[in-house]
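Shown next, in structure tokens, is the structure this report addresses.
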């Protein structure tokens, strides 16, 4: 297969995955974000990179958004939300974060392949992404891509779609967001 054919197949996989995301759960996440005082995001590995890009866009909108583990991240409180991106929903460090967030009475949200996972059972909202798990076991979805690539790509696109919906609800556009873009680069 040619490299460009792989690109087209990846896009087809992403289209199939996007079609299976629950609109109802996605809208719940948007509402939770808008109702929260501060937004915290977490994920491990490549999922963590997707979460960081999500936090960056929320910052561009003027939301108080933070990446768990960064030195400038404040404390989590009762009116805050912790959004976790985890294919398995079982990553030990992320399970611990979710448990701590629940003890602090914050909202927990999970974007995952497995909504019935340990974190999923703790979450107020759990959005299922149709993707193959890294281990290729326990998931009905198949991909030509290695490991968790389909999940991570779908996660990024889903987070960008959430950003668009929040922008819509707040009456924002890219121009208004650029005023908060980094200017020391």
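A few remarks follow.
- Odd one out for residue 16, checked against (1) at pLDDT 95 or above; (2) surrounded by 12 or more Cβ atoms within 10 Å (Cβ to Cβ); (3) outside any strand (DSSP E or B): (1)
- Pair list, Cβ under 8 Å, 6 or more apart: the stretch 168-184 residue touching a residue at least 40 places away in the same chain (Cβ under 8 Å), other residue part of a loop (DSSP other than H, G, I, E, B): 170/61; 172/61; 177/61; 180/61; 180/62
- Within the stretch 108-123, tally of residues that are within 16 Å of residue 76 (Cα to Cα) and either without any contact (Cβ under 8 Å) to a residue 40 or more places away in the chain or surrounded by fewer than 23 Cβ atoms within 10 Å (Cβ to Cβ) (or both): 2
- Exactly one residue out of 122, 59 is in contact with a strand residue (DSSP E or B) (Cβ under 8 Å, 6 or more places away or on another chain) and over 22 Å from residue 160 (Cα atoms), and it is 122.
- Every residue from the stretch 33-46 that is assigned to a helix (DSSP H, G or I) and within 15 Å of residue 159 (Cα to Cα): 33, 34, 46
- Which listed residue is part of a helix (DSSP H, G or I), in contact with a helix residue (DSSP H, G or I) (Cβ under 7 Å, 6 or more places away or on another chain) and at pLDDT 95 or above, from 54, 49: 54
- Some residue of the stretch 66-80 being surrounded by fewer than 23 Cβ atoms within 10 Å (Cβ to Cβ), in a helix (DSSP H, G or I) and in contact (Cβ under 8 Å) with a residue 24 or more places away in the chain: no
- Some residue of the stretch 85-102 being more than 15 Å from the chain's Cα centre (by Cα), in a helix (DSSP H, G or I) and either without any contact (Cβ under 8 Å) to a residue 12 or more places away in the chain or under 17 Å from residue 130 (Cα atoms) (or both): yes
- Selection count where residues are under 21 Å from residue 23 (Cβ atoms) and at pLDDT 90 or above, scope the stretch 129-171: 21
- Going through (1) in contact with a strand residue (DSSP E or B) (Cβ under 6 Å, 6 or more places away or on another chain); (2) assigned to a helix (DSSP H, G or I) one by one, residue 30 falls short only on (1).
The values are calculated or read from the model by the stated rules, or taken from the named source; none is laboratory data. Owing to the predicted nature of the structure, the values given are computational and were not obtained by experimental measurement. Neighbour counts are summed over all protein chains in view; Cβ atoms, including those assigned to glycine, are modelled from backbone coordinates with ideal geometry.
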